[in-house]
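Before any comments, here is the structure.
The values are calculated or read from the model by the stated rules, or taken from the named source; none is laboratory data. Remember, predicted model here, so these are calculated numbers, not experimental data. Cβ placement follows ideal geometry from the backbone for every residue including glycine, while neighbour counts extend to all protein chains displayed. Surface accessibility is based on the protein's heavy atoms, side chains included, excluding ligands, DNA and RNA. Shrake-Rupley method; radii C 1.70, N 1.55, O 1.52, S 1.80 Å.
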Amino acid sequence: MIKQKYKNIKFKYTSIMFIVVGILCILFCYIELYSKLEKKQYYTYTEISQEYYDKVIEKDTISSNIIPKTSALNGYAIPYKSTNYILGSIKFEIFNNNNEEIYNKEYNFRDVVTDENLFFDLSDIELIKNQKYKFNLVFNLDNSIIVNVDENNNIENKQILGFENKGVLKIIISIITLGFISLVVIFGLNNNMEIEKICVVLVLISGLCTIILLPPFTAPDEARHFYRAYDIAQGNIITDEFDGELGISVANIPKEISQLKYIGIEKNESMYVEHSSPIILDSLIDEFVRKIEGETETVSLNATSIINPIAYLPQVIFIKIGMLLKVSPLIILYLSRLGNLIVWALSVYMSIKLIPQFKWIFTVIALMPSMVILGSSCSTDSLLIASILLLISYIFYIKSKKSTLYTKKNIAILILLTILISAIKLPYIIFLLLILIIDKPRNWGLKEVLCIIGMLAVGIITYKIWSILGVRELPNEGSGIPTTNNIKEYIVFVINNPFEFIQLIISNLRQEIIPYIIQIFSGSAWNYSSDSLLAIINFVMFIIVSVKSSNLLIINEKYEKIIFLNIIGILYLSICFALFTAKPINFGSLWGMQGRYIIPIIPIIGIILSSNRNNYEESNSMKYIPILLIISSIVFIFNLINCNFMV
């Protein structure tokens, strides 16, 4: 009795200690971000032309246009090059739509030189946001300089913009902080809360924050996924449009949809530049009230036109709702993301509820920044990974119940998950080999073999039917999608040169293993918002929950781990081969390999690392994981704000 009372007191004070530490960590993150926000005064906005040409200037006049991105235009910068010491002056003249001069100021050349730019202070003039102005730069120099101009003689420039609406961001940061502090207290005091409920709450809260704070088209391939989902919502289930010159499938969508990528600090009109840069907050706020006018624009569907429309069902439903309500393009994008998030959260909840053990492994994976980003974007990868998690959970569920696989319910569920996986990325149906763990090898028979072959056949047939019905034309070689007209050449090459192919894979893994880990555990899929702290927090947390997880009920034979290792090996080889076929045989490296392709393997790695401890020991050692997950989540969300609003 006394011993139990002592344990209860110890548990109570330990819980309070963890709550205090959690709150202090959150407050530290808040103070650091808030202080950075206070110091942030300016944005630098750049319009990038497809091609610039050198123009030599000495005593010349250049006429161009300027469209202020915000009403707080504090300055105008022009990149220049010179090998000489320059003296002279530059006159800056600005004219409104009526060709009336509204600004005329002469600058001494030496006064406007800053590093490699000529900077003109325009803080003493008020210009209207998004209104077009004409300006003249009259150069009167004693020696020549070189500036960049495009084919229309528009000079390369940068707008220096004041940071308006800073208060909005302060309010958002404060609300997020208070919300996560509340979660620390709730989860810290309630250790009996079901793991799946903890996970779904954190997934939804982190996901909703990410929907708003992640710039449009920043998630991997999100632009093309959103364009494809919008095209389906318009009624184009089969993509008929094809650009023969570029070798890609295309779609015609409202111009305002594709222009969402221009609300960042860079504007690049190239079709191949799909992701947004860090955000100008004022531009984001403006997009909430922007309407779709009717003008269309042709956009690329490269690599997404071949994906079965089933994969886009969550996004399409919510895009349709946005169309019916006639909301702005940005809100339609947010609705599309919301549809994906709801399906991701429900799938994660069901996966964790179903699986008898390894619940914390699945929870940590669901809350990795990479998965929060994918689950809160328009990417089909979240549905793919959700289907794989459900498949793994359901197979372990069958095994734990010691029931037969061959019931109508079990077969129907496995077929449905197989169809979903193959509809998105065919190689991942290899996870069906997990069926072999349901029974011991000595009990394997023709039924098991026929079941696996039948399931694999369902996946392949699903993929093939859509390839015949839905894919009108395939891209040219080198476009980034495996081509079918010469696939046999790659197979023959690998068969004849297996060691060269294996060496290519090993070389790639040796060079990229650290970037893969960072991408998986920090969410930096494109490497421009990388955060080593996030990667370390989530990697260490994954290792801890894996090692401390109990596998006593499910895994008690070596053959099961051998099956897991075979799945990892076969899947990785399949992914590598698919990427190998996307470029010419002599390309020399794997094109487009990213850490997110390996995420479906992570739960299997965690299960392999688990031990045969009992469930009581597991639950005791995992009590404070929720607080660590909350700290990881707020570090991730504040990192999003720092990377995307304060650059």
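Tell me, what is the per residue accessible area of the chain in Å², probe radius 1.4 Å?
45
Would you compute, from DSSP H runs of 4+ residues alone, the mean residue ellipticity of the chain at 222 nm, taking -39500 (n - 2.57) per run and dividing by the full residue count, rounded to the nearest 500?
Taking each H run of at least 4 residues, the total per residue is -17000 deg cm²/dmol.
Hey, what do the phi angles of segment 109-117 turn into as Karplus ³J(HN,Hα) couplings, whole Hz, using 6.51/-1.76/1.60 and θ = phi - 60°, x for Gly and Pro?
3, 5, 6, 9, 6, 9, 6, 10, 10
Place a +1 charge on the Cβ of each Lys and Arg in segment 89-220 and a -1 charge on the Cβ of each Asp and Glu, then give the dipole magnitude about the Cα centre in debye, rounded to the nearest 20.
Computed about the Cα centre, the dipole is about 620 debye.
What distance in nm separates the two pseudo spin-label positions at F493 and I517, each 7 Å out from Cα along the beta-carbon direction?
Simple spin-label model gives 3.1 nm for this pair.
Please find the FRET efficiency linking L469 to I413, where r is the Cβ-Cβ separation and R0 is fixed at 25 Å, and quote it to the nearest 0.05.
It comes out at approximately 0.50.
Multiply the residue gap between S123 and T46 by 0.36 nm, knock off their C-alpha separation, and tell me the result in nm, one decimal place.
Net length gain for the segment: 25.9 nm.
When the chain is fully extended, how far beyond the present Cα-Cα distance does S507 get from I342, taking 0.36 nm per residue of separation?
That works out to 55.5 nm of additional length.
Run the quick spin-label model on L324 and K291: label points 7 Å from Cα toward the beta carbon, then report their separation in nm to one decimal.
Output for this residue pair reads 2.1 nm.
May I ask for the net charge around N136, where only other residues with Cβ less than 13 Å from the Cβ of N136 are counted and Lys, Arg are +1 while Asp, Glu are -1?
Around N136, the surrounding residues sum to -1.
List the residues, sorted by chain then number, that are 5 or more residues from V113 or on another chain and whose placed amide H is less than 5 Å from its amide H.
HN-HN under 5 Å from V113: F119.
Run the reach check for K409 against lysines, Cα to Cα strictly under 24 Å, same-chain hits fewer than 8 apart removed. What comes back?
K353, K359, K399, K401, K440, K447
Once both labels are modelled 7 Å past Cα along the beta-carbon direction, what's the K623-V540 spacing in nm?
Placing both labels 7 Å along Cα→Cβ, they lie 2.1 nm apart.
What's the angle, to the nearest 10 degrees (0 to 90), between helix 329-354's Cα axis and the longest principal axis of the chain?
20
First measure r as the distance between the Cβ atoms of S174 and I461, then evaluate 1/(1 + (r/R0)^6) with R0 = 56 Å and state the FRET efficiency to the nearest 0.05.
E(calc), rounded to 0.05, equals 0.55.
How long, wide and thick is the chain, going by the Cα atoms along their three principal axes, in whole angstroms, largest first?
90, 71, 51
What part of the accessible area of the chain, given as a whole %, is carbon or sulfur when the probe is 1.4 angstrom?
Ligands and nucleic acids excluded, carbon and sulfur reach 60 percent.
Just check segment 128-227 against the gyration tensor rule for me: Cα atoms, a ≥ b ≥ c as the square roots of the eigenvalues, rounded for a/c under 1.5, and otherwise prolate or oblate depending on whether a/b exceeds b/c.
Prolate, since a/c reaches 1.5 and a/b exceeds b/c.
Between S82 and M17, what length in nm is gained on full extension when 0.36 nm per residue of separation is reduced by their alpha carbon distance?
This chain segment gains 17.2 nm when fully extended.
From the backbone phi of segment 415-428, what are the Karplus-calculated ³J(HN,Hα) couplings (6.51 cos²θ - 1.76 cosθ + 1.60, θ = phi - 60°) in whole Hz, Gly and Pro given as x?
5, 4, 5, 4, 5, 4, 5, 5, 5, 9, 9, 4, x, 6
Please list, in order, the residues from segment 88-103 whose amide nitrogen is less than 20 Å from a point placed 7 Å along the Cα→Cβ vector of K134.
Label zone hits: 91-103.
Which ³J(HN,Hα) values in Hz, rounded to whole numbers, follow from the phi angles of segment 395-406 under the Karplus curve 6.51 cos²θ - 1.76 cosθ + 1.60, where θ = phi - 60° and Gly and Pro get x?
Values, residue by residue: 5, 5, 4, 4, 5, 5, 7, 6, 9, 7, 6, 8 Hz.
Can you work out the FRET efficiency for the pair E58 and Q259, with r the C-beta to C-beta distance and R0 = 35 Å, to the nearest 0.05?
Efficiency, from the Cβ-Cβ distance: 0.40.
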